[in-house]
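The values are calculated or read from the model by the stated rules, or taken from the named source; none is laboratory data. What you see is a predicted model; the values in this text were computed from it and never measured. Note that each Cβ is placed from the backbone with ideal geometry, even for glycine, and that neighbours are counted across all protein chains shown.
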Amino acid sequence: MTVAVVADRPRRHALVGLIFLACAIAYTDRVNLAVASVAMREQFGWSQTDKGIVLASFFVGYLLCMFVAGVLSARFGGHRVLGWSVIIWSVFTLLTPPAAMLSMPALIAVRIGMGMGEAAMFPAAYELFGRWVPVIERTRATSSLFTGIPIGTVLGLSGSGWLVGHFGWSAAFYVFGAIGFMWAFWWFHDIRNDPATDERVSPAERALLPAPAPNAAASSSVGYRKLLLNAPVMGILAAHFAGTWNLYVLLSWLPSYFRDVQGLSVANSGLYSAAPWIVMAVGINVGAAISDRWIARGVDVTVVRKRVQCAGLCATAVMLFLLQAAHSPEIALTLLCVATAAGGIGLSGFPAGVLDIAPRHSGIVYAFSNIFATLPGIVGVVVTGWLVDVTGTYTAAFVLAAAISLGGALGFLLLFDSTRTVD
């Protein structure tokens, strides 16, 4: 009986579930350095600026390969690209400890390589969503994908804190790097690129799925200028940039903030840093439920996307501005939890909006947006380290993040329109 139930389960749910796990693995591998670097800084004598450069080097590779990843996903299919992406970044995760022992340039090179591997994560996922996800499930699918960010962050921060405390900083990279290979085996064994090639897709499920995605020639015939340079995409870009500025700065600097400002131990700073991301996971799914309910009641999709996106960014800005007055770990944690919950709610805005305006070319559109949204991973993380070194506090960094959040909300409000499809 159990086997029959599993066999009848929609295949798109298995695909979305494994993509969620891939995103979670990606973020465990991203943030383990944020925790381990506290101990690494003490061992290797890094300044805060040195640490910021190491943390930011990941995003150099990520940025360089982002659009290429979108094009490759469109040409070869998201299934193959995502599977090999996980393998590549897992290899570089395992190489991080020996590279750190060798030299700073070697460590930076490995982190760049890891970023190149992870660049395909979101474009490949969106390309697969375009094939596998019904229109009425777009918010749920993108919310599932983005839930992997806080879940992976929680596992990475808390797990790395425990591993660093008990086995040394290198253990965080060896343990989490190995997990990627187990995921890749499962992925290639169980998932297909196209519903048409998966005999386990039932006729009832097949009737719900989108029309077949275009091949590479059809994608290129649309024209990148028409596809990418328009007002809705610019609105998505503004919200995406603001959201990732907050995300990357907090991912990279929360452990150090709780250690340096609030006086916590390495292990406890990892645990405190994990709590806001648990709340963010809840916020993402609350935002998806609210959005789906409004849309089911007939509220215009553009209005729904703008409500959740702008409310999320504005609330995040307020909490980050208030953080400068936090004089205890408990107050700081509360403000950060509200900020990340609001950011999670906002992720029912622009991510689903990509599928609204470009359902057949969402991988390329997301890759284009993510190029600009990756700049905070380089500029924002380094600028945060520089501001901390210059001012001796995190106040200026958090105020800057709040201002960028407000700008992103305004851009999305003025420019996004889900009815203006670009493909």
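Scanning the stretch 114-155 for residues that are among the acidic types (Asp, Glu), within 22 Å of Ile88 (Cβ to Cβ) and over 11 Å from the mean Cα position of the chain (by Cα) yields one hit, Glu127. Pairing residues of the stretch 327-353 that are of a type outside the set (Phe, Trp, Tyr) and modelled with pLDDT of 90 or more with residues that are surrounded by fewer than 24 Cβ atoms within 10 Å (Cβ to Cβ) and not in a helix (DSSP H, G or I), at Cβ distances under 7 Å and at least 6 apart in sequence or on separate chains, gives Gly353/Ser418. Only residues that are more than 26 Å from the chain's Cα centre (by Cα) and β-branched (Val, Ile, Thr) were counted in the stretch 156-204, giving 2. Screening the stretch 370-423 for residues that are in a helix (DSSP H, G or I) and in contact with a Lys or Arg (Cβ under 8 Å, 6 or more places away or on another chain) and picking the one that is farthest from Val135 (Cα to Cα) gives Gly385. Considering Ala288, Ala275, Ala339, which residue is assigned to a helix (DSSP H, G or I) and under 18 Å from Leu155 (Cα atoms)? Of the residues listed, the single one that is assigned to a helix (DSSP H, G or I) and under 18 Å from Leu155 (Cα atoms) is Ala275.
The set of residues in the stretch 346-363 that are in contact with a Phe, Trp or Tyr (Cβ under 8 Å, 6 or more places away or on another chain) and more than 15 Å from Ala242 (Cβ to Cβ) comprises Val354, Leu355, Ser362, Gly363. Pairs are defined by a Cβ separation below 7 Å, a sequence spacing of at least 6 or placement on different chains, a first member in the stretch 110-121 that is free of Cβ contacts under 8 Å to residues at least 24 places away in the same chain, and a second member that is part of a helix (DSSP H, G or I); the pairs so defined are Val110/Phe92; Val110/Leu95; Val110/Thr96; Val110/Ala99. For the stretch 291-311, taking the residues that are part of a helix (DSSP H, G or I) and of a type in the set (Gly, Ala, Ser), the one that is surrounded by the most Cβ atoms within 10 Å (Cβ to Cβ) is identified as Ser291. Among the residues of the stretch 384-393, is any touching a residue at least 24 places away in the same chain (Cβ under 8 Å), surrounded by fewer than 24 Cβ atoms within 10 Å (Cβ to Cβ) and β-branched (Val, Ile, Thr)? Yes, the stretch 384-393 contains a residue that is touching a residue at least 24 places away in the same chain (Cβ under 8 Å), surrounded by fewer than 24 Cβ atoms within 10 Å (Cβ to Cβ) and β-branched (Val, Ile, Thr).
Only a single item in (1) under 21 Å from the mean Cα position of the chain (by Cα); (2) over 27 Å from Trp187 (Cβ atoms) is not met by Leu102, and it is number (1). Of the residues examined, Ala124 is one that is buried (at least 22 other Cβ atoms within 10 Å of the Cβ) and touching a Leu at 6+ places or on another chain (Cβ under 7 Å).
Can we say Ser90 is of a type in the set (Ser, Thr, Tyr) and out of contact with any Pro (no Cβ under 6 Å at 6 or more places or on another chain)? Yes, satisfied.
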